Amino acid sequence: MANEILEEHIQNEYKWGFTTDIDADEAPKGLNEDIIRFISAKKNEPEWMLEFRLKAYRNWQNMTEPHWAHVSYAKPNFQDIIYYSAPKPKKELASLDEVDPELLKTFEKLGISIDEQKRLTGVQSNIAVDIVFDSVSVKTTFKETLAEKGIIFCSFSEAVQDHPDLVKKYMGMVVPPTDNFYAALNSAVFTDGSFCYIPKGVRSPMELSTYFRINASGTGQFERTLIIADEDAFVSYLEGCTAPQRDENQLHAAVVEIITHKNAEVKYSTVQNWYPGDKNGKGGIFNFVTKRGICLEDNSKISWTQVETGSAVTWKYPSVILKGNNSVGEFYSVALTNNYQQADTGTKMIHIGKNTRSTIISKGISAGFSNNSYRGLVQIKKGASNARNFSQCDSLLMGDKCGAHTFPYIEIKDKTAVVEHEATTSKIGEDQLFYCKQRGIDNEKAIGLIVNGYCKEVLNKLPMEFAVEAQKLLAISLEGSVG
Amino acid sequence: MISIKNLHASIGEKEILRGINLEVKAGEVHAIMGPNGSGKSTLSSVLAGREDYNVTEGTVTFNGKNLLDLSPEDRAREGLFLAFQYPVEIPGVSNINFLRTALNEIRKYHGHEEMPAKDFLALVKDKSKLVELDSKLASRGVNEGFSGGEKKRNEIFQMAMLNPQLAILDETDSGLDIDALRIVANGVNKLKSKDNATILITHYQRLLDYIVPDFVHILYKGRIVKSGGKELALELEAKGYDEIKAQFESLES
């Protein structure tokens with residue numbers, strides 16, 4: 001019975017799949033040093049930035065694409081990608097009136113308000129947004145309000161111009177350009193992203209966020225985000241993303257770096273909803289992302305929360321290097337795959353400092369013909385005395401044509417470490433479904449309830465507005481995938 | 001209210017119900033008793049619409065509708081409630097959220113608006129008293145970490161919330177100590193009205209001391225072999241099932 005329904009299968013409607021018709025300023029297809037110079041010149045970058053890019057590019061040329069992840073896909077043709085695409089006109093926007101009305105409409109449709117006034121009078125709490133459309137940041141809201149507190153929140157390009165010392169000091173500190181194939185590629189061709197600096201003793205009065213939108217066809221999106229929390233600072237940062245529905249695979253290769261100083265805390269939440277491809281696995285985003293934070297000094301904390309529902313292929317391991325003593329790393333993840341989606345995601349917790357603690361809660365949900373893998377590393381270095389880790393990796397299967405895999409790696413070089421790992425795999429029970437139906441709840445709603453219940457520990461970690469969105473998204477992503 | 005005629009049902013090749021006839025009217029309480037394996041739980045599962053069973057023959061009419069044509073959720077929305085013998089746990093889904101979804105789905109089916117949150121919470125407060133359910137349990141995950149007795153009480157609490165026309169209580173007394181049995185029975189009695197009906201499926205006469213049935217039926221090998229008033233249960237308690245079995249076997253041979 002369940003299989004029949006599965007085969008009838010999935011009217012998985014992707015509601016963000018529209019395109020915006022907007023004039024774009026594009027680089028020619030392909031990748032070479034000239035393209036990198038072109039991007040750098042477009043952004044009017046200083047010489048050191050261009051050097052950083054070129055060095056990364058030369059490195060990248062000698063690297064090979066990684067194949068250890070439990071995913072299979074046709075290798076992107078890196079010469080067939082447009083590395084720079086910006087909506088015209090690209091000039092400094094003095095007020096909202098200057099933003100292209102097509103863009104405004106796009107973000108309205110996506111439910112993102114660029115208008116600060118609307119936010120202020122709205123029922124939602126205030127969230128400052130940096131909006132990245134294809135290769136460029138088109139608008140950052142609440143910049144002035146934040147500046148009063150000394151918080152720098154702007155596009156990466158602006159940061160390169162206005163805060164070169166901070167960028168130079170921190171960029172590549174956690175994810176060096178040589179780190180991996182896609183991080184190297186990103187370092188060479190990144191076009192924009194968000195930059196955020198919270199000064200000593202400041203708690204950000206609002207949540208900061210970046211919204212990424214891929215629009216242009218044939219492009220890749222390569223953005224960089226850099227977040228620095230100075231001593232005693234705190235910020236909660238959100239990231240969301242969508243892309244149009246297309247038959248081609250588009251590449252998204254981002255780098256996110258977080259640095260926390262003494263007693264500082266950064267909470268980073270993602271709802272990843274890139275176009276996952278159609279029900280036969282055609283099209284969709286390749287999401288190859290390197291996210292890493294370092295608790296540089298004592299008593300600092302970095303917390304990653306992610307809800308991954310989109311992308312054709314995901315390859316992503318938000319990690320924390322626990323260098324400072326007593327520092328804390330957390331990773332809360334829900335990864336849902338449906339149809340032919342593939343996800344290989346997890347985290348790395350590298351314990352270097354003393355009394356460092358890390359928590360990993362991973363909830364995988366596989367439906368359709370998808371494959372969902374958790375891959376995680378817990379490493380306790382010599383001298384990281386009294387390090388503690390708790391990992392819990394749960395997998396939920398819907399139907400019998402999907403796969404769930406767990407690859408936990410544990411390396412312990414210090415005898416005082418305490419590491420716990422728990423893992424479960426379950427199927428959505430016919431008994432649970434029948435119980436719901438007997439109470440008048442239909443199959444779709446029942447699955448939504450059960451899945452949201454299963455993910456509750458993670459969803460609870462999300463900021464309020466995001467949690468509601470994520471719940472809806474999980475239900476939508478599973479529409480029709482009756483198990 | 002419900003009229004079951006010559007109902008046959010099987011699981012795989014095995015026929016479990018072999019021609020059940022039963023008529024239940026509004027305001028009535030029927031008890032169905034019988035030894036292990038006689039088909040008691042199968043009957044409740046078939047009526048509720050569990051897909052594991054195949055109905056091979058017979059009809060069931062519920063409020064003028066062909067019950068067997070309805071999906072399990074529509075049966076529930078039409079007012080059929082099953083208190084499960086083994087209620088499942090749904091981790092992370094709060095009892096309140098679960099019931100609110102259920103209640104509003106049923107209301108939607110009947111063309112009513114969703115119940116306002118305030119009214120809903122008032123209803124929860126009111127009905128949880130009925131089965132002396134700790135308010136903490138209402139906000140916990142559905143049956144998550146509940147004791148056996150708490151699960152059964154929660155079933156009756158849900159029944160009170162959803163206010164069904166026909167409630168089928170599948171061995172609700174099993175695994176209950178005497179205090180819990182009294183609480184559960186008390187709840188069921190308070191929910192009884194001239195407009196609804198109850199089918200009690202039980203193994204023991206004990207429950208019938210608390211919930212007094214109008215009719216008692218004895219199910220054996222997939223058929224109702226004897227029906228009577230409440231005194232039949234007492235008789236059964238005194239003599240055990242052996243006499244019934246013996247009578248029936250001699251009939252069959």
How many residues does the stretch B:3-21 contain that are over 15 Å from B:Ser45 (Cβ atoms) and open to solvent by less than 30 Å² (accessible area, probe 1.4 Å)?
2
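Looking at the structure I just gave you, is A:Ser362 in contact with a Cys (Cβ under 7 Å, 6 or more places away or on another chain), buried (at least 19 other Cβ atoms within 10 Å of the Cβ) and either within 14 Å of chain B (Cβ to nearest Cβ) or in a strand (DSSP E or B) (or both)?
It is true that A:Ser362 is in contact with a Cys (Cβ under 7 Å, 6 or more places away or on another chain), buried (at least 19 other Cβ atoms within 10 Å of the Cβ) and either within 14 Å of chain B (Cβ to nearest Cβ) or in a strand (DSSP E or B) (or both).
This table checks each residue for (1) in contact with an Asp or Glu (Cβ under 8 Å, 6 or more places away or on another chain); (2) modelled with pLDDT under 90; (3) within 21 Å of A:Ser157 (Cα to Cα); (4) open to solvent by 30 Å² or more (accessible area, probe 1.4 Å).
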site	(1), (2), (3), (4)
A:Ile10	yes, yes, no, no
A:Glu26	no, yes, yes, yes
A:Trp48	no, no, yes, yes
A:Tyr57	yes, no, yes, no
A:Ala74	no, yes, no, yes
A:Tyr84	yes, yes, yes, no
A:Ala94	no, yes, yes, yes
A:Glu98	no, yes, yes, yes
A:Glu108	no, yes, no, yes
In the stretch B:66-109, residue most open to solvent (accessible area, probe 1.4 Å) [restricted to those that are over 23 Å from B:Leu47 (Cβ atoms) and among the β-branched types (Val, Ile, Thr)]:
B:Ile96
Hey, can you tell me all the residues within the stretch B:77-108 that are free of Cβ contacts under 8 Å to residues at least 40 places away in the same chain and at the interface with another protein chain (Cβ under 7 Å from one of its Cβ atoms)?
B:Arg77, B:Thr101, B:Glu105
What residue, of B:Glu155, B:Glu150, B:Glu171, is under 19 Å from B:Tyr210 (Cβ atoms) and open to solvent by less than 10 Å² (accessible area, probe 1.4 Å)?
B:Glu155
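Quick one: which of A:Phe331, A:Phe369 is within 26 Å of A:Asn452 (Cβ to Cβ), at pLDDT below 95 and in contact with a Phe, Trp or Tyr (Cβ under 6 Å, 6 or more places away or on another chain)?
Working: A:Phe331 fails: at pLDDT below 95.
On inspection, the qualifying residue turns out to be A:Phe369.
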Subset of the stretch A:162-176 (residues that are in contact with a strand residue (DSSP E or B) (Cβ under 9 Å, 6 or more places away or on another chain) and either aromatic (Phe, Trp, Tyr) or at negative phi (or both))
A:Asp162, A:His163, A:Leu166, A:Val167, A:Lys169, A:Tyr170, A:Met171, A:Met173, A:Val174, A:Val175
Name the residues in the stretch A:245-272 that are in a loop (DSSP other than H, G, I, E, B) and within 17 Å of the chain's Cα centre (by Cα), would you?
A:Ala253, A:Ala254
Of the numbered conditions (1) within 30 Å of A:Lys282 (Cα to Cα); (2) away from every other protein chain (no Cβ under 14 Å); (3) in a strand (DSSP E or B); (4) open to solvent by 10 Å² or more (accessible area, probe 1.4 Å), A:Asp400 fails exactly one; give the number of that condition.
(3)
Count - residues of the stretch A:134-157 that are open to solvent by 10 Å² or more (accessible area, probe 1.4 Å), within 23 Å of A:Arg203 (Cβ to Cβ) and either at pLDDT 80 or above or among the charged types (D, E, K, R) (or both):
8
May I ask you to verify whether B:Thr61 is in contact (Cβ under 8 Å) with a residue 24 or more places away in the chain, open to solvent by 50 Å² or more (accessible area, probe 1.4 Å) and either more than 13 Å from every other protein chain (Cβ to nearest Cβ) or not polar (S, T, N, Q) (or both)?
yes
Return the residues of the stretch A:177-208 that are charged (D, E, K, R) and touching a strand residue (DSSP E or B) at 6+ places or on another chain (Cβ under 8 Å); say none if nothing qualifies.
A:Asp179, A:Asp192, A:Arg203, A:Glu207
Condition (residue is open to solvent by 10 Å² or more (accessible area, probe 1.4 Å), more than 9 Å from chain B (Cβ to nearest Cβ) and among the aliphatic types (A, V, I, L, M)) applied to the stretch A:366-386: is it met by at least one residue?
yes
Search result, residues across the stretch B:1-36 that are out of contact with any strand residue (DSSP E or B) (no Cβ under 9 Å at 6 or more places or on another chain) and either closer than 20 Å to B:Phe215 by Cα or assigned to a loop (DSSP other than H, G, I, E, B) (or both):
B:Glu13, B:Asn36
In the set A:Lys291, A:Lys279, A:Lys354, A:Lys348, the lone residue that is modelled with pLDDT of 95 or more and in a loop (DSSP other than H, G, I, E, B) is A:Lys354
The stretch A:299-343: number of residues that are open to solvent by 20 Å² or more (accessible area, probe 1.4 Å), part of a strand (DSSP E or B) and either under 15 Å from A:Arg375 (Cβ atoms) or in contact with a helix residue (DSSP H, G or I) (Cβ under 7 Å, 6 or more places away or on another chain) (or both):
1
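Within the stretch A:283-298, can you find the residues that are touching a strand residue (DSSP E or B) at 6+ places or on another chain (Cβ under 9 Å) and surrounded by fewer than 21 Cβ atoms within 10 Å (Cβ to Cβ)?
Filtering the stretch A:283-298 for residues touching a strand residue (DSSP E or B) at 6+ places or on another chain (Cβ under 9 Å) gives A:283-297.
Within the stretch A:283-298, A:Gly283, A:Glu297 meet the criteria.
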Give the residues of the stretch B:24-54 that are open to solvent by 30 Å² or more (accessible area, probe 1.4 Å) and away from every other protein chain (no Cβ under 14 Å), sorted by residue number.
B:Lys25, B:Ala26, B:Gly27, B:Glu28, B:Asn36, B:Gly37
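Do we have any residue at all in the stretch A:147-155 that's of a type in the set (Ser, Thr, Tyr) and not in a strand (DSSP E or B)?
In the first step, residues of the stretch A:147-155 are kept if they are of a type in the set (Ser, Thr, Tyr); the result is A:155.
Add one more test, that the residue is not in a strand (DSSP E or B), and what stays is none.
No, the stretch A:147-155 contains no residue that is of a type in the set (Ser, Thr, Tyr) and not in a strand (DSSP E or B).
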The helices (runs of 4 or more DSSP H) lying entirely within the stretch B:88-148 that contain at least 3 residues which are modelled with pLDDT of 90 or more are B:95-109, B:117-130
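Can you give me the ranges of the strands (runs of 3 or more DSSP E) entirely in the stretch B:190-234 with at least 2 residues that are farther than 24 Å from B:Gly79 by Cα and open to solvent by less than 50 Å² (accessible area, probe 1.4 Å)?
Because the criterion is at least 2 residues that are farther than 24 Å from B:Gly79 by Cα and open to solvent by less than 50 Å² (accessible area, probe 1.4 Å), the strands (runs of 3 or more DSSP E) in the stretch B:190-234 that meet it are B:215-220, B:223-228.
Yes/no matrix, rows are residues, columns are (1) of a type in the set (A, V, I, L, M); (2) assigned to a helix (DSSP H, G or I); (3) over 24 Å from A:Asp34 (Cβ atoms); (4) open to solvent by 10 Å² or more (accessible area, probe 1.4 Å):
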site	(1), (2), (3), (4)
A:Pro177	no, no, no, yes
A:Lys200	no, no, yes, yes
A:Pro205	no, no, yes, yes
A:Leu208	yes, no, yes, no
A:Tyr211	no, no, yes, yes
A:Asp414 passes all but one of (1) more than 14 Å from chain B (Cβ to nearest Cβ); (2) crowded, with 17+ Cβ neighbours inside 10 Å; which number fails?
(2)
List every residue pair whose Cβ atoms lie under 8 Å apart, where the two residues are 6 or more positions apart in sequence or sit on different chains, the first residue falls within the stretch A:388-405 and is touching a residue at least 24 places away in the same chain (Cβ under 8 Å), and the second residue, located anywhere, is surrounded by fewer than 16 Cβ atoms within 10 Å (Cβ to Cβ) and of a type in the set (Lys, Arg).
A:Leu396/A:Lys427; A:Leu397/A:Lys427; A:Met398/A:Lys427
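The values are calculated or read from the model by the stated rules, or taken from the named source; none is laboratory data. Since this is a predicted model, take the numbers as computed values, not measurements. Ideal geometry is used to build each Cβ from the backbone, glycine not excepted, and the neighbour counts take in all protein chains shown. All accessible areas refer to the heavy atoms of the entire protein, side chains included, with ligands and DNA or RNA removed. Shrake-Rupley method; radii C 1.70, N 1.55, O 1.52, S 1.80 Å.
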